[in-house]
Amino acid sequence: MNWFPIFYRELLLFRRRLLRLGYVVSALFSPMLYLLAFGLGLGKRVAMSGGTYLDYLLPGLIAMTSMTNSYTWIATSMTVGRLHFRTFQVYIQAPVTAADIVVGQILAGMVRGLFASGILLGLGLFLSTGLHLNLMFFLVLVLNCLVFAAFGVIVGMKSRSHEDTATFTNFFIMPMAFFCGTFFPVDEMPWLLRDIIKALPLTHTNRLLRFPFWNLESLESLALLSAYGVVCLALGIIIIRRYSE
Amino acid sequence: MHAMIVTDNLGKQYQDLVALDGLSLQIPPGEIFGLLGPNGAGKTTCIKILTTLARPSRGTARIHDFDVVRQPLAVKKLIGVCPQEINLDRELTAYENLWIYGRLHRMPDLAARIAELLTFGNLEERAHSLVREFSGGMQRRLLILRALVSRPRVLFLDEPTVGLDPQVRRQLWNLIQELKLSGITIILTTHYIEEAEMLCDRVGILNRGRLIALDTPAALVAKVGGYVVETLNSGRRQYLLVRDKEEAYARAQTEPTGVIIRQVNLEDVFIQLTGERLTN
Ligand SMILES: Nc1ncnc2c1ncn2[C@@H]1O[C@H](COP(=O)(O)OP(=O)(O)OP(=O)(O)O)[C@@H](O)[C@H]1O
Ligand SMILES: [Mg+2]
């Protein structure tokens, strides 16, 4: 395995952008907006599953943030590297395997997702007492980052333009952010929609982050999330192995 | 001797455009091979296939007996590529660019190798500046240095001298000749024909994806032979190919303005074969 240089390159790029302050602000802008608008607005007035709305919302926002940040970074970086700066050619012409490329990229996306959700988590500790921070919580957070970074690899390899990436985001990522139980429980949804929603990964991340305890349902969710991760990872490897200009 | 690069009926098609059309080549180790041809002839396509970046539509290519499609990893270990388009990481420093590349190739003693290359390329003072801040020529230099980090056995240089100042271009020529002494095989494309004439052991001329000539520069020139009479007619330069000196003098006498008489060079051959300027 020789994924380290690929991972490290993304980290160097990430660090450089991190130093520009506007970047951190933009990465956390939408979760903060939701937190302020819904969490503080409805927070004390609406009660939900035994706590305040803020207690309900916070794990959802953490899941959402880890999803969008892991995904966006990798999808954008790979699309641009492939189509615009052509830096992706260097990976293909170097003696590394498709798996090296995928693993390096996914790990980098995960760092990015964990970074953003970590900041939100730290902030949440001041606002809410409803978080259950145990081993499973962090395991699920890491797994969620993996799933969406891997999805980012697929989008990054398949986009034919920058607009394509935006289309993928609008069709897959945005609906998940709104329907998969980030802001309100999935059970309120009409039945067909509910079944679709229950097949989507973020639904299970939300469920697990809200209730990170071992039982049959959590095992089911963990298995499904892992399956998503494995499938996306394998697809990414296949796509890169077949890459040809 | 066994050939370092062998292609057999190599072809590449993009939708209904044939970019490379049945290229069969054998390049012995240690040769500097020039790939010439007008814009869109298929030079870059050929290099992309040989460096595992593009899959051929038909035919085969082998480097050091490894098939580029079936044993890509073995091929990638042998090659260094300086692409036509500058694909450095603009947001990373020169040093970081070389370091990442070296790690991708698992180079031992990487720091020493990078220092050596940066000194050679006269970039050591800018080692820790972002590539984004480099001039075009500096970026091109770094791109060439990057291809050398892994001490490749086969080096692909796709128009490496574009945008280099005359001094640096000369340095690069010297480098290419030095590399040849160390036994590495070089595939070079260029639009500066005199560069190919000077550097290359053999040149292949591509036109619309087809190989239309393949020989040493001297042999190609000899095949066309003779002299060229260059005249300037109301601001337009005209070239006339003639058999020998006497015919050239006779032609020159009839010209009202200044004339240049010279021997045929590789550029004349190129232009005659690719059919643009010369008429016999
Ligand atoms: N990815 C691609 N999709 C479609 N057509 C392509 C692609 N890459 C190259 N071509 C076409 O293949 C032909 C050969 O292109 P190539 O880049 O190999 O030419 P070249 O000899 O390197 O030219 P130049 O001197 O301009 O660099 C051109 O007609 C080009 O338009
Ligand atoms: Mg080209």
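Every read-out reported here was derived from the displayed coordinates using simple, explicitly stated rules and does not represent laboratory data. Predicted model only: the values in this text are computed from it and were never measured. Because the Cβ atoms are built from the backbone with ideal geometry, glycine has one as well, and the counts that use them run over all protein chains shown.
The charge dipole of the protein assembly as shown, taken about its Cα centre with unit charges on the Cβ of Lys, Arg, Asp and Glu (plus for the first two, minus for the last two), comes to roughly 640 debye. Label positions at B:ASP244 and A:LEU42, each projected 7 Å from the Cα along the C-beta direction, are separated by 9.9 nm. Each label point was placed 7 Å from the Cα along the Cα-to-Cβ direction; for A:VAL25 and A:VAL230 their separation is 4.5 nm. Averaged over peptide B:90-102, the number of partner chain Cβ atoms lying within 10 Å of each residue's Cβ comes to 3. The mean number of partner chain beta-carbon atoms within 10 angstrom of a residue's beta-carbon across peptide A:96-109 is 1. In chain B, Cα pairs under 8 Å separated by at least six residues give a relative contact order of 21 percent. Centre-to-centre separation between the Cα atoms of segment A:36-98 and those of segment B:106-124: 38 Å.
Short-range pairs are left out: with C-alpha atoms under 8 Å and at least six residues apart, the relative contact order of segment A:85-185 is 32 percent. Here the ratio of the Cα radius of gyration of segment B:63-188 to 2.2 N^0.38 Å is 1.03. Eigen-decomposition of the gyration tensor built on the alpha-carbon atoms of chain B gives equivalent ellipsoid semi-axes of 37, 24, 16 angstrom, largest listed first. When the P(r) is computed for chain A, the part past 26 Å accounts for 38% of the Cα-Cα pairs. Think of the protein assembly as shown as having a plus end and a minus end, set by charges on the Cβ of Lys, Arg, Asp and Glu; of B:LEU117, B:LEU35, A:ALA177, A:ALA177 sits farthest toward the positive end of this dipole.
The antiparallel fraction among DSSP beta bridges confined to chain B stands at about 65%.
If both residues of a DSSP beta bridge must be in the protein assembly as shown, then about 65% of such bridges are antiparallel. Its Cα gyration tensor gives the protein assembly as shown an equivalent ellipsoid. The semi-axes, each the square root of 5 times an eigenvalue, are 59, 22, 21 Å from largest down. Each principal axis of the Cα cloud of segment A:1-136 was evaluated for its coordinate range; sorted largest first, these ranges are 58, 32, 21 Å.
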